1. Tell me the label-point distance for the pair Ser138, Val2, using the 7 Å Cα-to-Cβ offset, in nm and rounded to one decimal.
2. Taking all protein chains in place and a 1.4 Å probe, what share, in percent, of the accessible surface of region 12-107 do carbon and sulfur account for?
3. What residues have an amide H closer than 5 Å to that of Val2, excluding those fewer than 5 places away on the same chain, when H is modeled at 1.01 Å from N in the peptide plane?
4. Rounded to the nearest 0.05, what FRET efficiency do Thr103 and Arg59 have when you use their Cβ-Cβ distance and R0 = 30 Å?
5. Rg and Dmax in Å for region 1-71, alpha carbons only: what are they?
6. Taking the dipole about the Cα centre of region 1-153, with the C-beta of Lys and Arg at +1 and of Asp and Glu at -1, give me whichever of Ser84, Leu18, Ile125 is farthest to the positive side.
7. Could you give the accessible area per residue of region 36-148, probe 1.4 Å, as a whole number in Å²?
8. Using amide H atoms built in the peptide plane, which far-off residues or other-chain residues are under 5 Å from Glu36 H to H?
Amino acid sequence: MVTAGQQARSILPFEPFLFAERAPEFPRPYVKWSCEPARAEDVPAAIARAYYTAMQPPRGPTFVSIPVDDWDRICEPLTPRRLSTSIRGDAELLRKVAEALSTAARPSIVVGASVARDDAWGEMIALAEKHRARVWASPNSGRKQLPRRTTLYSPGFSPRTARRSSRASKGTI
(Lines give C-alpha, C1' and ligand atoms only; values in the text may rest on other atoms or scores of the structure.)
Protein backbone atom coordinates (compact mmCIF):
# COMPACT_ATOMS: atom_id res chain seq x y z
CA MET A 1 0.00 0.00 0.00
CA VAL A 2 1.36 3.40 -1.00
CA THR A 3 0.26 6.64 0.65
CA ALA A 4 1.02 10.12 -0.61
CA GLY A 5 0.65 13.44 1.11
CA GLN A 6 -1.70 16.03 -0.31
CA GLN A 7 -2.01 19.74 0.54
CA ALA A 8 -4.40 20.75 3.34
CA ARG A 9 -8.08 20.50 2.39
CA SER A 10 -8.68 24.14 3.33
CA ILE A 11 -6.37 25.40 0.57
CA LEU A 12 -7.18 22.89 -2.18
CA PRO A 13 -9.72 25.23 -3.87
CA PHE A 14 -6.91 27.76 -4.41
CA GLU A 15 -4.70 25.32 -6.36
CA PRO A 16 -1.67 25.60 -4.04
CA PHE A 17 1.87 24.85 -5.14
CA LEU A 18 2.59 21.08 -5.19
CA PHE A 19 -1.02 19.94 -4.95
CA ALA A 20 -2.56 17.25 -7.13
CA GLU A 21 -5.99 17.99 -8.55
CA ARG A 22 -6.77 14.31 -9.26
CA ALA A 23 -4.18 12.44 -7.20
CA PRO A 24 -5.91 9.03 -7.31
CA GLU A 25 -5.60 9.05 -11.11
CA PHE A 26 -1.78 9.31 -11.10
CA PRO A 27 -0.92 5.69 -10.36
CA ARG A 28 -3.63 4.14 -12.55
CA PRO A 29 -3.48 1.62 -14.22
CA TYR A 30 -0.52 0.42 -12.15
CA VAL A 31 -2.45 -0.13 -8.91
CA LYS A 32 -5.35 -2.39 -8.01
CA TRP A 33 -7.24 0.40 -6.23
CA SER A 34 -6.72 4.12 -5.66
CA CYS A 35 -8.52 6.90 -3.75
CA GLU A 36 -8.41 10.18 -1.90
CA PRO A 37 -10.93 10.06 0.97
CA ALA A 38 -13.64 12.74 0.84
CA ARG A 39 -13.34 13.50 4.59
CA ALA A 40 -10.72 13.05 7.28
CA GLU A 41 -13.09 10.61 9.00
CA ASP A 42 -12.89 8.38 5.92
CA VAL A 43 -9.09 7.97 6.00
CA PRO A 44 -8.97 4.92 8.32
CA ALA A 45 -11.52 3.06 6.17
CA ALA A 46 -9.63 4.00 2.99
CA ILE A 47 -6.33 2.75 4.42
CA ALA A 48 -8.00 -0.48 5.58
CA ARG A 49 -9.58 -1.05 2.16
CA ALA A 50 -6.28 -0.33 0.43
CA TYR A 51 -4.52 -2.88 2.65
CA TYR A 52 -7.17 -5.60 2.23
CA THR A 53 -7.30 -5.06 -1.53
CA ALA A 54 -3.50 -5.16 -1.84
CA MET A 55 -3.26 -8.42 0.11
CA GLN A 56 -5.93 -10.38 -1.77
CA PRO A 57 -4.75 -12.51 -4.68
CA PRO A 58 -3.42 -11.52 -7.01
CA ARG A 59 -1.55 -9.24 -4.63
CA GLY A 60 -0.61 -5.83 -5.91
CA PRO A 61 -0.11 -2.20 -4.99
CA THR A 62 -2.83 0.21 -3.89
CA PHE A 63 -2.69 3.99 -3.42
CA VAL A 64 -4.25 6.45 -0.94
CA SER A 65 -3.77 10.22 -1.22
CA ILE A 66 -4.15 11.85 2.22
CA PRO A 67 -4.41 15.62 2.79
CA VAL A 68 -1.91 16.72 5.42
CA ASP A 69 -4.49 18.17 7.81
CA ASP A 70 -6.36 14.83 7.97
CA TRP A 71 -3.61 13.51 10.27
CA ASP A 72 -4.66 16.07 12.92
CA ARG A 73 -8.25 14.78 13.13
CA ILE A 74 -9.34 12.21 15.71
CA CYS A 75 -11.16 9.28 14.08
CA GLU A 76 -12.83 6.18 15.39
CA PRO A 77 -10.58 3.10 15.19
CA LEU A 78 -11.63 0.30 12.89
CA THR A 79 -12.02 -3.30 13.95
CA PRO A 80 -9.59 -5.44 11.94
CA ARG A 81 -11.17 -7.96 9.58
CA ARG A 82 -10.01 -11.44 8.70
CA LEU A 83 -8.85 -11.53 5.11
CA SER A 84 -9.42 -14.53 2.91
CA THR A 85 -6.52 -15.47 0.69
CA SER A 86 -8.53 -17.74 -1.57
CA ILE A 87 -10.69 -16.54 -4.41
CA ARG A 88 -13.49 -18.82 -5.54
CA GLY A 89 -15.18 -18.91 -8.92
CA ASP A 90 -18.88 -18.34 -9.42
CA ALA A 91 -20.63 -21.72 -9.01
CA GLU A 92 -23.08 -21.18 -11.89
CA LEU A 93 -20.37 -20.12 -14.33
CA LEU A 94 -18.18 -23.06 -13.29
CA ARG A 95 -21.13 -25.40 -13.92
CA LYS A 96 -21.53 -23.97 -17.44
CA VAL A 97 -17.81 -24.40 -18.17
CA ALA A 98 -17.91 -28.00 -16.87
CA GLU A 99 -20.91 -28.73 -19.10
CA ALA A 100 -19.17 -27.22 -22.13
CA LEU A 101 -16.00 -29.23 -21.45
CA SER A 102 -18.01 -32.45 -21.07
CA THR A 103 -19.80 -31.99 -24.39
CA ALA A 104 -16.90 -30.61 -26.45
CA ALA A 105 -15.67 -32.89 -29.23
CA ARG A 106 -12.08 -31.60 -29.14
CA PRO A 107 -11.65 -29.44 -26.05
CA SER A 108 -8.66 -27.18 -25.56
CA ILE A 109 -7.59 -25.28 -22.48
CA VAL A 110 -5.45 -22.15 -22.60
CA VAL A 111 -3.43 -21.87 -19.40
CA GLY A 112 -2.05 -18.60 -18.05
CA ALA A 113 0.62 -17.74 -15.52
CA SER A 114 -1.81 -17.86 -12.60
CA VAL A 115 -1.66 -21.68 -12.65
CA ALA A 116 2.04 -21.48 -11.80
CA ARG A 117 1.56 -18.58 -9.37
CA ASP A 118 -1.13 -20.48 -7.45
CA ASP A 119 0.70 -23.82 -7.72
CA ALA A 120 -2.34 -25.39 -9.40
CA TRP A 121 -0.51 -27.67 -11.84
CA GLY A 122 -1.95 -30.84 -10.31
CA GLU A 123 -5.51 -29.58 -10.67
CA MET A 124 -4.86 -28.35 -14.22
CA ILE A 125 -3.39 -31.71 -15.28
CA ALA A 126 -6.31 -33.59 -13.69
CA LEU A 127 -8.84 -31.37 -15.49
CA ALA A 128 -7.10 -31.75 -18.85
CA GLU A 129 -6.74 -35.52 -18.47
CA LYS A 130 -10.37 -35.97 -17.41
CA HIS A 131 -11.59 -34.21 -20.57
CA ARG A 132 -8.69 -35.30 -22.81
CA ALA A 133 -8.22 -31.62 -23.56
CA ARG A 134 -5.16 -30.23 -25.30
CA VAL A 135 -3.40 -27.63 -23.15
CA TRP A 136 -1.85 -24.53 -24.66
CA ALA A 137 0.21 -21.77 -23.06
CA SER A 138 -1.48 -18.37 -23.21
CA PRO A 139 0.20 -15.79 -25.44
CA ASN A 140 2.52 -13.37 -23.64
CA SER A 141 2.67 -15.48 -20.51
CA GLY A 142 5.86 -14.96 -18.56
CA ARG A 143 5.74 -18.18 -16.55
CA LYS A 144 5.74 -21.89 -17.19
CA GLN A 145 2.10 -22.99 -17.28
CA LEU A 146 2.24 -26.78 -17.28
CA PRO A 147 4.93 -29.43 -16.92
CA ARG A 148 5.79 -30.66 -20.39
CA ARG A 149 5.74 -34.27 -19.22
CA THR A 150 1.95 -34.43 -19.50
CA THR A 151 0.87 -35.98 -22.82
CA LEU A 152 -1.80 -33.35 -23.40
CA TYR A 153 0.61 -30.41 -23.40
CA SER A 154 0.80 -28.67 -26.78
CA PRO A 155 4.20 -27.12 -27.42
CA GLY A 156 4.23 -23.43 -28.20
CA PHE A 157 1.58 -20.85 -27.52
CA SER A 158 -2.11 -20.83 -28.34
CA PRO A 159 -3.13 -18.79 -31.34
CA ARG A 160 -4.19 -15.23 -30.47
CA THR A 161 -7.50 -15.59 -32.32
CA ALA A 162 -9.47 -18.55 -33.53
CA ARG A 163 -9.69 -17.13 -37.08
CA ARG A 164 -5.94 -17.29 -37.62
CA SER A 165 -5.59 -20.92 -36.65
CA SER A 166 -6.69 -24.14 -38.24
CA ARG A 167 -6.24 -25.70 -34.78
CA ALA A 168 -9.24 -23.86 -33.39
CA SER A 169 -12.42 -25.85 -33.64
CA LYS A 170 -16.05 -25.34 -32.77
CA GLY A 171 -15.61 -27.43 -29.62
CA THR A 172 -12.82 -25.25 -28.21
CA ILE A 173 -13.66 -23.23 -25.11
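The values are calculated or read from the model by the stated rules, or taken from the named source; none is laboratory data. Note that the structure is predicted; figures quoted are calculated from it, not measured. Cβ atoms come from the backbone with ideal geometry, glycine included; neighbour counts cover every protein chain shown. In case anyone asks, the SASA skips ligands and DNA or RNA and just uses the protein heavy atoms, side chains included. Shrake-Rupley method; radii C 1.70, N 1.55, O 1.52, S 1.80 Å.
1. Taking the simple label geometry, Ser138 and Val2 are separated by 2.4 nm.
2. Result for region 12-107: 57 percent of the exposed heavy-atom area is carbon or sulfur.
3. The list, which skips near neighbours in sequence, is Thr62, Phe63, Val64.
4. 0.25
5. For region 1-71, the Cα radius of gyration and maximum Cα-Cα distance read 12.3, 40 Å.
6. Comparing the listed Cα positions along the dipole, Ile125 ranks first.
7. Per residue, region 36-148 has 66 Å² of solvent-accessible surface.
8. Ser65
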